[in-house]
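Step one of this worksheet: look at the structure below.
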Amino acid sequence: MTNPNPRGAEPASELAHAVERVYHIFASYPLPRLLHSSPIENAEAIFRAVSSAELRQLSGEKLGTYAGSAIWTVGDVDDYRHFLPRVLELAIQGEPSMGFDANVIAAKLERTAWRDWPSEEQQALEALFQAAWRKTLTKHPDKGNAVPWLEGMVVAGMDVATALAAWA
């Protein structure tokens, strides 16, 4: 079997590097001092949950309500950029809440006009989606679903040629 990663790195180490790069690139976005929300959300409760631990220590349970509602009804673009590394890391780990689905994350990226973000942020996100796709391809289908990562790349307007070549 050929290595599905054209760069030659093992998918697990490539993915770990991509996650670290996203944390590094997005580190300049501070924890918001408060979250704005629609009246249907309890912004204070959501803020208490997401500010209850350091970003890397936030559990899916603490971040889940925010992740599902972010951009649609809670917070703004810079708030999402702060939490995005952890949202992506939990998505990779298979956190079951809707806000951690790769295709949902991609839809939120599209909603935020992420193609207008600095190129280093765009590149870090594309690299993470590609690495997550490749890593998921190495798993048995019962242990991981690669389809949401591919769907996410399509929804976010990322190049899927490399992803499809890895799949082939």
Restricting to segment 93-102, and then to whatever is modelled with pLDDT under 95 and in a helix (DSSP H, G or I), can you tell me which residue is farthest from the chain's Cα centre (by Cα)? 98
If only one of 139, 108 is modelled with pLDDT under 95, of a type in the set (D, E, K, R) and either surrounded by fewer than 21 Cβ atoms within 10 Å (Cβ to Cβ) or closer than 21 Å to residue 37 by Cβ (or both), which one is it? 139
Being of a type outside the set (D, E, K, R), surrounded by fewer than 22 Cβ atoms within 10 Å (Cβ to Cβ) and farther than 18 Å from residue 45 by Cβ is the filter here; which residues of segment 83-97 pass it? 90, 92, 93, 94, 96
Somewhere in segment 59-82, is a residue in a loop (DSSP other than H, G, I, E, B), touching a Lys or Arg at 6+ places or on another chain (Cβ under 9 Å) and over 24 Å from residue 127 (Cβ atoms)? yes
Could you list, in sequence order, the residues of segment 136-153 that are in a helix (DSSP H, G or I) and either in contact with an Asp or Glu (Cβ under 6 Å, 6 or more places away or on another chain) or without any contact (Cβ under 8 Å) to a residue 40 or more places away in the chain (or both)? 136, 147, 148, 150
All but one of (1) among the polar types (S, T, N, Q); (2) in a helix (DSSP H, G or I); (3) within 25 Å of residue 56 (Cβ to Cβ) hold for residue 162, so report the exception by its number. (3)
Sole miss for residue 133 among (1) over 13 Å from the mean Cα position of the chain (by Cα); (2) in a helix (DSSP H, G or I); (3) modelled with pLDDT under 95 is condition (1)
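The values are calculated or read from the model by the stated rules, or taken from the named source; none is laboratory data. Because the structure is a prediction, the values reported are computed rather than measured. Cβ: placed from backbone, ideal geometry, glycine included. Neighbour counts: every protein chain shown.
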